[in-house]
1. Under 1.5 on a/c is rounded, so check that first for region 220-287, then, if it is not, pick prolate when a/b is larger than b/c and oblate when it is not; a ≥ b ≥ c are the square roots of the alpha carbon gyration tensor eigenvalues.
2. Quick check: the angle from helix 357-367's long axis to the longest principal axis of the chain, C-alpha only, nearest 10 degrees?
3. Specify the angular offset, from 0 to 90 degrees and rounded to the nearest 10, of the alpha carbon long axis of helix 47-58 from the longest principal axis of the alpha carbons in the chain.
4. Per residue, how many Å² of accessible area does the chain show with a 1.4 Å probe?
5. Ignoring ligands, DNA and RNA, please state the percent of accessible area on region 126-269 from carbon and sulfur, probe 1.4 Å.
6. Compute and list, largest first, the equivalent-ellipsoid semi-axes of the chain from the alpha carbon gyration tensor, each √(5λ) rounded to a whole angstrom.
7. Restricting to DSSP H runs of at least four residues, report the calculated mean residue ellipticity at 222 nm for the chain, -39500 (n - 2.57) per run over all residues, nearest 500 deg cm²/dmol.
8. Enumerate the residues in region 1-30 having an amide nitrogen under 14 Å from the point lying 7 Å beyond the Cα of residue 42 toward its Cβ.
Amino acid sequence: LADQVSDAVLDACLKADPYPKVACETATKDNMVMVFGEITTAGKVDYEAIVREQVREIGFDSFVDDLGSVVSKGLNCDDCEVLVRINKQSPDIAGGVHVGKSDLDVGAGDQGIMFGYASDETENCMPLTHMMATQLGKRLTDVRKDGSLWWLRPDGKTQVTIEYTQHSDGSVTPIKIHTVVISTQHAKPLKAKRTEEQAGRDNRGKYTGEEMIAPSMEDTNEQIHEHVIVATLKSIKLKNGESALSIYKREECNLHINPSGKFIIGGPQGDAGLTGRKIIIDTYGGWGAHGGGAFSGKDPTKVDRSAAYACRWMAKSVVKAGLCKRALVQLSYAIGVAKPLSLFVETYGTEKEGLTAKLITDIVKINFDARPGALARDLTLREPKYNKTAAYCHFGREPFTENGMKYFSWEDPVDLTKYASMAGADVEKEVESKKEEILTKWVD
């Protein structure tokens with residue numbers, strides 16, 4: 001919720017001004033949402049309206065200040081308290097980062113390190129454990145909003161453990177789904193009525209059909225298994241062409257569905273929320289590495305976000321091209337400096353015969369420009385399209401175009417397949433011939 005509010009604020013700024021400077025944080029507890037940070041924009045933004053619309057869209061439409069309540073979902077879009085504490089970007093930062101500079105010479109908005117990861121174990125080059133966990137979360141939302149599991153509530157979380165084989169070349173293959181954990185908020189079993197649970201206050205619309213009563217906890221968990229777990233596994237394609245269901249056996253898997261017994265009170269009433277508290281969920285589930293920077297509520301000059309997108313773009317491109325089977329890409333920056341301070345590519349020994357991690361690093365330098373201004377240009381990052389990234393992971397998503405805007409552009413790999421048939425000496429020759437061009441983008 002906090003991340004989606006922060007990115008909705010960013011989108012509102014970008015709709016009015018393609019060059020805003022946005023650092024928007026969100027905090028929420030009980031029936032309160034606070035937005036705070038630094039924003040400089042030519043547009044006018046109604047922060048309270050944005051907050052309420054996001055809360056409504058997510059599905060939090062009731063709050064009772066009683067932890068014993070079975071009606072309270074943890075937050076009410078209509079009457080929650082909205083606090084706004086926002087001022088403008090520091091002139092010290094503005095002067096060092098962008099004032100008086102051309103688009104391509106804009107400096108990084110802060111120092112830091114960023115990582116991107118890709119693995120050939122799934123069709124979209126995401127680690128299966130994390131891809132499955134995030135898609136389980138998405139499926140929980142889908143079945144709640146389409147009415148098939150209407151008694152679900154907005155809060156929920158997932159976790160997956162998978163047994164892998166690691167091959168001698170450093171690549172990995174998932175062979176068995178070992179554990180699946182799903183804890184999801186729900187209406188009171190055998191008591192809650194659909195006409196009351198889906199009364200039309202959120203964006204699902206009012207239910208006017210024949211009355212329905214929420215199932216027992218046993219039936220609840222069984223339906224979650226069929227409509228969420230099995231359906232998700234069927235939708236994921238492994239590198240051998242089969243679905244992830246092929247490595248799942250219910251009788252052998254450790255299933256924990258609502259292991260606490262019940263989960264009625266949730267949302268900000270059950271736990272406080274803050275922007276940036278899910279950086280591992282937003283990335284690779286612990287695979288690879290993480291530099292610590294959050295994404296949501298940040299404009300493209302904040303390399304915590306734009307350079308992390310670039311690292312994924314680079315990693316996915318080299319894996320899709322067959323240059324290696326796994327890749328971890330790291331960039332680092334200094335505030336006010338356009339060129340990255342460093343580029344590091346780890347291939348875990350999976351690089352194609354004849355190539356080395358260093359040569360793959362050189363290929364990245366030839367084909368990518370990681371200066372913040374270039375990333376904003378090449379990945380079209382100055383468009384109001386960030387709210388869709390704020391749930392279900394920023395990576396492994398299918399890129400698409402809507403209203404002329406390209407979403408998840410970093411998931412569309414650069415074609416590097418020509419290098420798969422080149423000898424190391426040929427790559428070195430190309431690097432030498434393009435040395436001057438490389439030095440305009442990289443420090444060495």
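1. oblate
2. It is inclined by approximately 90 degrees.
3. Helix 47-58 and the main axis of the chain meet at about 70 degrees.
4. Value returned for the chain: 42 Å² of accessible area per residue.
5. 46 percent
6. Taking √(5λ) for each eigenvalue gives 40, 30, 15 Å, largest first.
7. Calculated from helices alone, the mean residue ellipticity at 222 nm is -8000 deg cm²/dmol.
8. 13-21
The values are calculated or read from the model by the stated rules, or taken from the named source; none is laboratory data. Source: prediction; values computed, not measured. Note that we place each Cβ from the backbone using ideal geometry, even for glycine, and neighbour counts take in every protein chain shown. In case anyone asks, the SASA skips ligands and DNA or RNA and just uses the protein heavy atoms, side chains included. Shrake-Rupley method; radii C 1.70, N 1.55, O 1.52, S 1.80 Å.
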